[in-house]
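To start, the structure itself, in structure tokens.
Bear in mind these aren't lab numbers, they're just calculated from the coordinates by the rules spelled out. Note that the structure is predicted; figures quoted are calculated from it, not measured. Neighbour counts run over all protein chains shown; Cβ positions are idealised from the backbone, glycine included.
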Amino acid sequence: MELKELKKEVKKLAFNSGAKLFGVGSRERLKDAPPSGDMDYCLPGAQSCIIWAYPNSIEALENYFSKKERMSIKIHQDIGYATGWKTALQVAEFIENYTEYKAHPVIPNGKYRGGVESIRKNGEAFPDFSLRYGAVAAGLGHLGWSGNLVTKEYGGSVYLDGVLTTAPLDPDPMAKENNCNNCKICQKVCTTGYVAKEEPEERQPTIIGGVKQTYGKRGSYMKCGIGCAGWTGLSLDETWSTWTVDHTCLKKVPDDELNRGYFGNLLKTLLRSKETPRVIRKFNNRIAASFANVGKTENVGLRPIEDTNPRCGNCNFICVADPKKRTELYNMLKTSGKMYLDEKGQEYIKKIDENGKEIVYSPPTWEEYSSNQ
Ligand code: SF4
Ligand code: SF4
């Protein structure tokens, strides 16, 4: 099969799975990227990275940020990870079956150089291959302040998947503009302070296709680990939470306190201490079990939908392409209230409506939501 035909066929496979963006990047463009841009680590001699993206729908995002329901985003996330992974396997198999080239499906998340242990040991972790770097090299966009890929069509509210191959495919042109407008809404919606407000990350230059990618300085990886998992999350002004029951604002905890074993103590309290009500401990332990399963498989693409429970992801989800819509979503979040659990473990929301009246309701569970589809 000719290379042109091969590219056309793999693009078809990606689009048939529901992807909306597709591109191919070259080895040459990744030569000055940080180590996670080195394709040889996964596939010696790789020449191209094939990357595609699945966006979140605006309706799902509105429901998520207003706390109407989070199940539509759960479905999108499952598509981004599980469908994306299955598609990567198909694409890699197609390349190896129909050409003499080798291919390597990239695990969408959960696989780190040095294993998950490296998070505990070094306070940070790097993927075998960075799909974000690959996506920049494939012309899908550039890195925004959040550190996520920002595309022209869907902003940063996308899930990335990909395959590396030794086939020297024709690369797509790099994205002309960086569509991050530095609104910093990604920083405002993060309750943990993982990404700095003003200071750029300077530890190692991220140069892809000759273009320097600038993004905010990162704090301890554990901040995002705890916030994104949904063990805790409260806004600075304490008026809204993420989709979680522990309402601690990590942005308020000074760095030196964090360095003195803060995270370990917080998790001990949330998971094991009798100070934490039983029903909340159970909720926290379910999150821990689902993370442990991903830790075991080292592949979030294998996670069942029942265990896919988006509770933060705010920095990435909110970054839709239209800046006005982004602000609207932020305003929805600011008036979305806080999540709690009743004695049976059912999630409920308490918020103040536009007339200043307190309202309390239970968003649909997965069983309720899926039986209505
Ligand atoms: S939310 Fe704004 S600042 Fe953050 S990555 Fe998106 S466009 Fe850039
Ligand atoms: S996923 Fe949530 S906790 Fe993690 S950096 Fe983004 S907003 Fe912050």
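A protection proxy built from the mean count of other Cβ atoms within 10 Å ranks the segments 18-29, 321-332, 349-360, 33-44, most packed first, as 18-29, 33-44, 321-332, 349-360. I'd like the distance separating the alpha-carbon centroids of the range 1-28 and the range 121-148, in whole Å. For the range 1-28 versus the range 121-148, the Cα centre distance is 20 Å. From the alpha carbon centroid of the range 158-184 to that of the range 296-330 is 19 Å. Using equal-weight Cα scatterers in the Debye expression, the normalised intensity of the range 295-373 in log10 at q = 0.15, 0.16, 0.24, 0.27 Å⁻¹ is -0.82, -0.91, -1.19, -1.20.
Once the other residues with Cβ under 12 Å from the Cβ of Lys274 are scored (Lys, Arg +1; Asp, Glu -1), what is the net sum?
+3
Remark on His142: its backbone amide H falls under 5 Å from those of Val150, Asn179, a criterion applied only to residues 5 or more positions apart or on other chains, H modelled at 1.01 Å from N.
Full extension of the chain between Glu343 and Leu89 gives 87.2 nm of extra length, using 0.36 nm per residue less the Cα-Cα distance.
For a Förster distance of 35 Å, can you work out the FRET efficiency between the beta-carbons of Ser371 and Lys334, rounded to the nearest 0.05? Write out the running numbers ahead of the final one.
Working: r = 32 Å, r/R0 = 0.91.
Once the sixth-power term is evaluated, E becomes 0.65.
About its Cα centre, the dipole of the chain is roughly 720 debye, where the only charges are +1 on Lys and Arg Cβ and -1 on Asp and Glu Cβ.
Report, as a whole number in µm² per second, the diffusion coefficient that Stokes-Einstein gives for the range 71-214 at 20 °C and 1.002 mPa s using the Kirkwood radius over alpha carbon pairs.
Working: Rh = 17.0 Å.
Stokes-Einstein gives a translational diffusion coefficient of 126 µm²/s.
Comparing Val211, Ser118, Asn182 along the charge dipole axis of the chain, the residue lying farthest to the positive side is Ser118, per the Cβ-charge model.
Sorted from longest to shortest, the spans of the Cα atoms of the range 315-361 along the three principal axes equal 40, 27, 11 Å. From most to least packed by mean Cβ count within 10 Å, the peptides 226-234, 364-372 give 226-234, 364-372.
The C-alpha atoms of the range 1-140 occupy a region whose extents along the principal axes are 50, 41, 24 Å, arranged from largest to smallest. Per the Cα gyration tensor, the range 264-341 maps to an equivalent ellipsoid with semi-axes of 29, 20, 10 Å, ordered largest to smallest.
Dipole of the range 197-338 computed with +1 at Lys/Arg Cβ and -1 at Asp/Glu Cβ about the Cα centre; of Ile226, Asn331, Leu302, farthest Cα towards the positive end is Leu302. Our summary gives the range 72-170 a relative contact order of 33 percent, counting only alpha carbon pairs under 8 angstrom and 6 or more residues apart. Scaling against 2.2 N^0.38 Å puts the C-alpha radius of gyration of the range 3-365 at 0.99.
Taking a straight Cα-Cα cut-off under 12 Å and skipping sequence neighbours fewer than 8 places away in the same chain, the aspartates and glutamates within cross-link reach of Lys7 are Asp170, Asp172. Specify which residue in the list Asn293, Gly139, Leu6 is farthest towards the positive end of the charge dipole of the chain, using unit charges on the beta carbon of Lys, Arg (+1) and Asp, Glu (-1), about the Cα centre. With unit charges placed on the Cβ atoms, the residue in question is Asn293.
Run a plain Debye calculation on the range 155-269 (Cα atoms as equal point scatterers, no solvent) and give log10 I(q)/I(0) at q = 0.21 Å⁻¹, rounded to two decimals, same order as the q list. Debye curve over Cα of the range 155-269, log10 I(q)/I(0) at q = 0.21 Å⁻¹: -1.25.
Residue-wise HN-Hα couplings along the range 156-161, as the Karplus relation 6.51 cos²θ - 1.76 cosθ + 1.60 with θ = phi - 60° gives them from phi, are x, 7, 9, 10, 9, 9 Hz; Gly and Pro carry x. Each peptide in 340-346, 287-293 gets a packing score, the mean of other Cβ atoms within 10 Å over its residues, and the list from highest to lowest is 287-293, 340-346. Across the chain, the relative contact order, built from alpha-carbon pairs under 8 Å that are at least six residues apart, equals 21 percent.
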